[in-house]
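The values are calculated or read from the model by the stated rules, or taken from the named source; none is laboratory data. These figures come from a predicted structure and were not determined experimentally. Note: ideal-geometry Cβ built from the backbone for every residue, glycine included; neighbour counts use all protein chains shown. Heads up: the accessible areas ignore ligands, DNA and RNA and are worked out on the full protein's heavy atoms, side chains in. Shrake-Rupley method; radii C 1.70, N 1.55, O 1.52, S 1.80 Å.
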Amino acid sequence: MIKKIVFFSSLVLLTSGLCRAEVWKAPDQERAKERSKQVVPFIKEYKDDHKIARKMSLMDAGISLNDVQDVYFLMDSPIIKDREDHYGPVRFSHKRHANLAKDCSKCHHFRPKDEAALETTRCSACHQDAFNPEYPERIGLKAAYHQQCIQCHQEQAKGPVDCKGCHLQNVPDHKQLVQLPDNPDPFQVTAECLRCHDAQAEDMLTTAHWLWKGPSPYTTGHGKEVMHGKGTTALNNY
């Protein structure tokens, strides 16, 4: 129990320190977050070309990997979240998939009838709300993602085909779950964490991080002691 308390207390202190520090944000990720919040105008009419004609039109337009501006997308559209929000967003590596596919028409299978529109429009421009009575043949955005991704992964025998392979389950808001007094001490914080996460604490006690032992050249007096370590004589303080 003491080992668990020391570990979780140190974790809380480390986390609080990180929260106060200025955190670097990846520009690509920030752009992906902003892009994911956008709801673009719905495309009502599209050119119904067959697959070969569509592929040739993209080739004629000179569309290539050089035109891929966004490295990856964050699939977190408000269109889907309005109906359900059980899972975290999927990070889709756009450029990597484009490089593997070698054929933009696999995803950009149709284009708007408006000749002035982009040749490669977003999925959510054509696929939005499911079961739209005015466009019954048009599947919703969630179904479009799943059908496109899973079918391709199955055909290529690569990539995940189940929910957890792409999604992380949303973590509940702990503000509604944690029961702590004002200004709790480390022991109270640890006890509250263990109230729900005791299994994880037991798992942590069997990890190599917790049980390492051997020479410690950076610890005075223990440079050659093979039995020195967290599993034996050292205190777990982080």
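Against the test of being more than 30 Å from Cys193 (Cα to Cα) and assigned to a loop (DSSP other than H, G, I, E, B), the options Glu155, Glu137 yield a single qualifying residue, Glu137. Residues that are surrounded by fewer than 16 Cβ atoms within 10 Å (Cβ to Cβ) and not hydrophobic (A, V, I, L, M, F, W, C) within the stretch 136-147 comprise Pro136, Glu137, His146, Gln147, listed in sequence order.
Screening Thr190 with (1) polar (S, T, N, Q); (2) closer than 30 Å to His108 by Cα; (3) in contact with a Ser or Thr (Cβ under 9 Å, 6 or more places away or on another chain) gives one miss only, at (2).
Among all residues of the stretch 45-56, there is at least one that is touching a residue at least 24 places away in the same chain (Cβ under 8 Å), open to solvent by less than 80 Å² (accessible area, probe 1.4 Å) and part of a helix (DSSP H, G or I). Of all residues in the stretch 131-160, those that are within 20 Å of Glu84 (Cβ to Cβ) and in contact (Cβ under 8 Å) with a residue 12 or more places away in the chain have Cβ atoms under 9 Å from Cβ atoms of residues that are assigned to a helix (DSSP H, G or I) and among the β-branched types (Val, Ile, Thr), 6 or more apart or on another chain, in Gly140/Ile79; Gly140/Ile80; Leu141/Ile79; Leu141/Ile80; Lys142/Ile79; Lys142/Ile80; Tyr145/Ile80.
Residue-wise test of (1) surrounded by 14 or more Cβ atoms within 10 Å (Cβ to Cβ); (2) farther than 27 Å from Gln169 by Cβ; (3) in contact with a Gly (Cβ under 6 Å, 6 or more places away or on another chain).
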residue: Asp60; (1), (2), (3): no, yes, no
residue: Val68; (1), (2), (3): yes, yes, no
residue: Met75; (1), (2), (3): yes, no, no
residue: Glu84; (1), (2), (3): no, no, no
residue: Tyr87; (1), (2), (3): yes, no, no
residue: Arg96; (1), (2), (3): no, no, no
residue: Asn99; (1), (2), (3): no, yes, no
residue: Lys102; (1), (2), (3): no, yes, no
residue: Lys106; (1), (2), (3): yes, yes, no
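Scanning for something open to solvent by 50 Å² or more (accessible area, probe 1.4 Å) and either more than 19 Å from Pro41 (Cβ to Cβ) or touching a strand residue (DSSP E or B) at 6+ places or on another chain (Cβ under 8 Å) (or both), does the stretch 125-132 turn up at least one residue? Among the residues of the stretch 125-132, at least one is open to solvent by 50 Å² or more (accessible area, probe 1.4 Å) and either more than 19 Å from Pro41 (Cβ to Cβ) or touching a strand residue (DSSP E or B) at 6+ places or on another chain (Cβ under 8 Å) (or both), which makes the answer yes. If the condition is being of a type in the set (Asp, Glu) and either assigned to a loop (DSSP other than H, G, I, E, B) or assigned by TED's automatic domain parsing to the domain that holds Leu74 (or both), then the stretch 158-202 contributes Asp162, Asp173, Asp182, Asp185. Can you pull out every residue in the stretch 165-219 that is aliphatic (A, V, I, L, M) and either under 30 Å from His153 (Cα atoms) or in contact with a Lys or Arg (Cβ under 7 Å, 6 or more places away or on another chain) (or both)? Listed by number, the residues that qualify are Leu168, Val171, Leu194, Ala201, Leu205, Leu211. The single condition among (1) open to solvent by less than 60 Å² (accessible area, probe 1.4 Å); (2) within 20 Å of the chain's Cα centre (by Cα) that Glu119 does not satisfy is (2).
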